[in-house]
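K.L.:
Take a look at this one; I'll ask things after.
Values quoted throughout were computed directly from the atomic coordinates according to the rules given, and no laboratory measurement underlies them. None of these values were measured; they are calculated from a predicted model. Backbone-built Cβ (ideal geometry, glycine too); neighbour counts: all protein chains shown.
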Amino acid sequence: MCLGVPGRVIEIHDCTALVDFWGVRKEVRLDIVDEPVVPGDYILNHVGFAIRRIAPEAVGETLALYEMLLRENVDGEGDLMALDVRSEIAGAA
Amino acid sequence: MTNELQFRDPALARSLAATLARLVDEIGRPVAVMHVCGSHEQAIARFGLRSLFPKALDVIMGPGCPVCVTDVPEVDEGVVLARQGVRIVTFGDMLRVPGTVQSLADAQASGGNIEVIYSPRQAIEIARKTDEEVVLFATGFETTAVATAAVILDNPPPNFSVLSAHKYIPPVMEIVAEMPGSRVEGFLAAGHAAAITGSAVFEPFVERHQVPVVIAGFEPMDILAGLVELLQLILNKTPRVANMFPRCVSAEGNIPAQKQLWRVFEPVGGKWRGIAHVPNGNLRLRDEFAHVDARKRFTIDLPSLWDYAPPALAGQCICGEIMSGIRNPRDCRLFNRECVPETPVGACMVSNEGTCKIWHLYGGVPDLEATA
Amino acid sequence: MTTLMEAPTGRITLKQGGGGKAMRTLIERLFVRDFATLPFEGVGIAAMDDGAAMRIGDDWLVITTDSHVIHPIFFPGGDIGRLSICGTVNDLAMMGATNVLALTCSVILEEGFGLESLEAIQRSMIAACREANAPVVTGDTKVMGRRELDGIVINTCGIGLTRTLVRDNGLSVGDRIIVTGNIAEHGLAVMAARHSIGIEGDLVSDVAPMNSLIAAVLELLPDAVTAMKDPTRGGVSSALHEMAAKSGIGIVLDERSVPITAAVRAVGELLGIDPLHVANEGKALMGVRADRADDVLQLLRAHPLGRSAAIIGTCVAERPGKIILDTGFGRRLLAEPEGEPLPRIC
């Protein structure tokens, strides 16, 4: 349904953005994205069109979401593993 | 460029998997949930996530691969056009899906002018560089349909037209939820489609059927987290729509894209391969766009293909029941006989994550933990 | 039951040239079965190895042939000329024949093919010959009418001598699998060029002659290498599946240890293509005895073509003929590629 890949906008020319995906660059159309996009933003690319802008806070928010799930479900032995993971997340953030 | 948007930490994955196992234990019985997205299929397969799921949790591939559910007559339309000498461009996924007699790949080998593209934009560029007719055989769900709509609304050249085989997901979820004996207790919905349609589009469904729908992204962590949330909702008997992909999905979605989509396309009923008639499941061009509709521009002589069609196996395909968890592949008369990956009959064997394909590859339910 | 050969149209499809199961089935049914009935002593057609071999005194004479039809003819990192020389040199090397006695070269041209292109191709070929220390000693040229052929087809044949013959079926339980460098460069470079996907990045074919790299290992550690194959069409997946099936063992592959550049990985993600299914033209897969794996690795890494060599898997007794992929998250069976990898949208 949706091979969607996030990339970072490098340049914009009219309706087209040059987007960096982990070191390779590709042109992506901006016709259907519903927010203004500027260089430095992340966008979600599907078949050469940006379909969403991904807010910079997104990474932190997502990691927090995972942590919340783990927190809500710990009991007993689960605590230790979740504790490890939380410190890893804290380290990476 | 960083990999921060790739949520792929194996330790985190194991924690989430352990949480899944605990939840299933608490639920205290086997649970079946369904995902309805080709890319969820691919991600689960690619990262080997199936081996992390608890044994009592059945994560079923639903009718989520738009290519795999493209029914035989639709493939035939593309094949017939190619054989009529029309130049076809399409996505790589579509090339090998079998029609009544041929796939597009077969038509290509027979001399058909068929080219693989990555974006509908390329179709326009190709059409601009030639005088001959160029038809975009457009497949994919609503996520891809918005891209097709965008190029249709952007002054396409006169030699360009679209053969739409686009599909719309929410209606097929209704079919699955309503199948008698369906074991599916919750749905994992496609994050990218929801990025367009918004999470609120699933509210009426949840209201009607009282089963939870969790919207998930496609990183391994997204999928595991989505499943954890889904099982929690099942455990607590609190069916609702949960958005576990907030970085891309909002309640209302991408409204301008939705407007373009519904301006160009209308939902009509159609048959999905191996499943059933899905009311409003197919997206066709509105009359206003007849000028770019390949079905109106060309006479597609389908019966010409069917004169020498082999005996119809489609009638014996039970993909619909397999997807609902009612039956399994071994219940199907065609499984591993006429229906194998090289000559698939139903969607469950076409797709890499289809239940039948998996059973075929693994000789049953996958179990690889014992080795080395 | 319908099979690949009995496709309703009774015609060859591109799938059958793609290097996967479809191609093998075609070759086995149509060619091997009957040719194998002709008298021959040595490693012959039934073995379907990278080449054939027969005894000459204490040595093995190895012979191999390859035809090249690649499009586009010129691609980042090389062209059909370089490919045609390297492909055959490498097939010989995969059998242990790193000393190339001679190459042949047959060219079929379409009427109207550009002379400048042809000269560029020839220059490429001679450069590759010098790199591989392999002379082209005889050949043939034909011209077909416009549209009777697509541009150019090159066939090369090679012969070499080796004291140690290395097969592709010699893997044993416990052997390690080594790949000599970064994967998927050739196939993705060609695909991006072919489909005009418009990706800017460092996608360059790895096409290169490997005979000196392989010689570096075989000369010093002749008994360490139990099997070899180069992962061309169908990629690492295809080649390992063949080796595993012929050897009667299974392989557990550690995905995280497979060497791959960031650019190649990124393009694979973008296009939805698994790098393990993508062609390589300057890499080898080696089965190596467990106790010698590190020594072999050291020798490879000392050579310019082997800097990124890595141990990527282990041979096991379970599931013979299958490859189990450990993704770092979980395990799955690696599928055999079903033909040419194509950009995916779903």
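K.L.:
Taking the Cβ of each residue in C:GLU41, B:GLU142 as the centre, tally the other Cβ atoms inside 10 Å and list the residues starting with the fewest.
P.N.:
The order, fewest Cβ neighbours first, is C:GLU41, B:GLU142.
K.L.:
Could you pull out every residue, at least 5 positions away or on a different chain, whose amide H is within less than 5 Å of the one on C:VAL136? Hs are placed 1.01 Å off N in the peptide plane, and Pro or chain starts have none.
P.N.:
Long-range HN contacts for C:VAL136: C:LEU103.
K.L.:
Taking the Cα centre of chain C as origin, sum charge times position over the Cβ atoms of Lys and Arg (+1) and Asp and Glu (-1), and report the length of that vector in debye to the nearest 20.
P.N.:
Using Cβ point charges on Lys, Arg, Asp and Glu, chain C gives about 500 debye.
K.L.:
I would also like to ask the following. Can you give the calculated 222 nm mean residue ellipticity of the protein assembly as shown, where each DSSP H run of n ≥ 4 adds -39,500 (n - 2.57) and the sum is split over every residue, rounded to the nearest 500 deg cm²/dmol?
P.N.:
-9500 deg cm²/dmol
K.L.:
Per residue of B:34-47, what is the mean number of Cβ atoms on other protein chains within 10 angstrom of that residue's Cβ?
P.N.:
For peptide B:34-47, the averaged partner shielding equals 4.
K.L.:
By how many degrees, between 0 and 90 and to the nearest 10, does the Cα long axis of helix B:220-235 differ from the longest principal axis of chain B?
P.N.:
The angle comes out near 60 degrees.
K.L.:
Another question about this same structure. Once the Cα gyration tensor of the range C:207-314 is found, what semi-axes does its equivalent ellipsoid get, as square roots of 5 times the eigenvalues, in whole Å, sorted largest first?
P.N.:
Value: 23, 17, 13 Å, ordered largest first.
K.L.:
Continuing with this model, one more query. Can you tell me which lysines have their Cα less than 25 Å from the Cα of B:LYS259? Leave out same-chain residues fewer than eight positions away.
P.N.:
The qualifying lysines are B:LYS167, B:LYS296.
K.L.:
Return the tail of the calculated pair distribution for the range C:39-146, meaning the percent of Cα-Cα pairs more than 20 Å apart.
P.N.:
Cα-Cα pairs in the range C:39-146 separated by more than 20 Å: 45 percent.
K.L.:
Relative to the Cα centre, what is the charge dipole magnitude of the protein assembly as shown, using +1 at the beta carbon of each Lys and Arg, -1 at the beta carbon of each Asp and Glu, and rounding to the nearest 20 debye?
P.N.:
Roughly 920 debye, rounded to the nearest 20.
K.L.:
Using all alpha carbons of the protein assembly as shown, what is the percent of pairwise distances in each 20 Å bin, ordered from the shortest bin to the longest?
P.N.:
15, 48, 32, 4, 0
K.L.:
Next up: Each label point is 7 Å from the Cα along the Cα-to-Cβ direction; what then is the distance between the points at B:VAL268 and B:ALA11, in nm?
P.N.:
Distance between the two pseudo-spin positions: 5.6 nm.
K.L.:
Something else about it: Among the DSSP beta bridges whose two residues both lie in chain C, what percent are antiparallel, rounded to the nearest 5?
P.N.:
Close to 80 percent.
K.L.:
In whole Hz, with x marking every Gly and Pro, tabulate ³J(HN,Hα) for the range C:178-186 from phi via Karplus 6.51 cos²θ - 1.76 cosθ + 1.60, θ = phi - 60°.
P.N.:
10, 10, 7, x, 5, 9, 6, 6, 5
K.L.:
Based on Cα positions only, what radius of gyration and what Dmax would you give for chain B, in angstroms?
P.N.:
According to the Cα coordinates of chain B, Rg and Dmax are 20.8, 65 Å.
K.L.:
Given that compact globular proteins tend to follow 2.2 N^0.38 Å, what is the ratio of the alpha-carbon Rg of the range C:140-183 to that value?
P.N.:
With N residues counted in the range C:140-183, Rg over 2.2 N^0.38 Å equals 2.12.
K.L.:
Kirkwood Rh over alpha-carbon pairs of the range B:30-103, then Stokes-Einstein at 4 °C and 1.567 mPa s: what D in µm² s⁻¹, rounded to an integer?
P.N.:
So the translational diffusion coefficient is about 90 µm²/s.
K.L.:
Quote the charge dipole size of chain B about the Cα centre in Debye, to the nearest 20; the model charges only the Cβ of Lys and Arg (+1) and of Asp and Glu (-1).
P.N.:
320 debye
K.L.:
To the nearest whole percent, what portion of all C-alpha pairs in chain C is separated by more than 39 angstrom?
P.N.:
10 percent
K.L.:
After finding the eigenvalues of the alpha carbon gyration tensor for the range B:52-93, what semi-axes result from the square roots of 5 times each, listed largest first in whole Å?
P.N.:
Semi-axes from the Cα gyration tensor: 36, 11, 5 Å.
K.L.:
What is the diffusion coefficient of the range C:271-346 in µm²/s, taking the Kirkwood radius over Cα pairs and the Stokes-Einstein relation at 37 °C with a viscosity of 0.692 mPa s?
P.N.:
Answer from the Stokes-Einstein relation: 217 µm²/s.
K.L.:
Would you mind counting up the charge near B:ALA216? Only other residues with Cβ under 11 Å from its Cβ, with Lys and Arg at +1 and Asp and Glu at -1.
P.N.:
-3
K.L.:
Follow-up question, since we're still on this one. Considering only lysines 8 or more places apart in sequence, or on different chains, count the pairs in chain C whose C-alpha atoms sit under 30 Å apart.
P.N.:
Lysine pairs meeting the criterion: 15.
K.L.:
With a cut-off of 8 Å between alpha carbons and a minimum separation of six or more residues, what is the relative contact order of chain C in percent?
P.N.:
Relative contact order here is 22 percent.
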